[in-house]
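Structure first, then comments.
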Amino acid sequence: KELVLSGVNTDWLVQPVTTAFGQKHSLYFQGGYSSFRYGLSMRYQTAPGVMKGSSRNRYSTDIDLSYNIGNKLLFRNTVTVTKTDSHESPYGSFSNYVRMNPYYPKTDSSGRIDQSLDNWTQHDSSGSVSYTPVLNPLYDATLGSFNKSEYLQVVDALTADWHITQSLRLRGLISVNQTRSTGDNFVSPYA
């Protein structure tokens, strides 16, 4: 099978590897008074992959509330929500490209992206011959396949801290953790 893209600029198809630059941002707000304090923190991080179209983006928020009763009893509740969005490259894995011989053409003379670039011939000791096609990883990117996932985690932690005396302290902690993970992976039947 071959794909013909006439009149379309296919330069982006033949360069699946890119230089990736990520960024990380955070913001924190805090306020309140002596017996009641609050804090809000937000974080965002991009982590693009070296293969075009691959990425891991992370979002996180913390809400921190603390209530102090007479400097003897402190209640603190922290809720953390973390989300990660992941996208794999439509070009496939980096290992597919490093296994390719560099002399294989990316397209033919007409600009078509062929599914198969070559056939390797293998002879075994019994004298039988087998042919293994060398598949073009660029072809897969033209088929509309995708692989994406989402991870969401919510953690609620409640702490109680009781200062009984100057040298005696009692602390209790309870935490609830909930995670959800989803993923969609479509592989074209033409791959």
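The values are calculated or read from the model by the stated rules, or taken from the named source; none is laboratory data. None of the values given here were measured: they were computed from a predicted structure. Every residue, glycine as well, gets a Cβ built from its backbone with ideal geometry; the counts of neighbours run over all protein chains shown. Side chains are part of the model used for accessible areas, which takes the heavy atoms of the whole protein and leaves out ligands, DNA and RNA. Shrake-Rupley method; radii C 1.70, N 1.55, O 1.52, S 1.80 Å.
Looking only at the range 37-62, count every residue that is of a type in the set (A, V, I, L, M, F, W, C), assigned to a strand (DSSP E or B) and either in contact with a Ser or Thr (Cβ under 7 Å, 6 or more places away or on another chain) or crowded, with 16+ Cβ neighbours inside 10 Å (or both) and tell me the total.
Qualifying residue count for the region: 3.
Test Ser130 against the stated conditions and say whether it is farther than 19 Å from Lys52 by Cα, assigned to a strand (DSSP E or B) and of a type in the set (Gly, Ala, Ser).
yes
Within the range 85-105, is there a residue that is in contact with a Ser or Thr (Cβ under 6 Å, 6 or more places away or on another chain), closer than 25 Å to Ala20 by Cα, touching a residue at least 24 places away in the same chain (Cβ under 8 Å) and among the hydroxyl-bearing types (Ser, Thr, Tyr)?
Yes: one or more hits.
Inside the range 18-35, can you point out the residues that are open to solvent by less than 70 Å² (accessible area, probe 1.4 Å) and assigned to a strand (DSSP E or B)?
Gly31, Gly32
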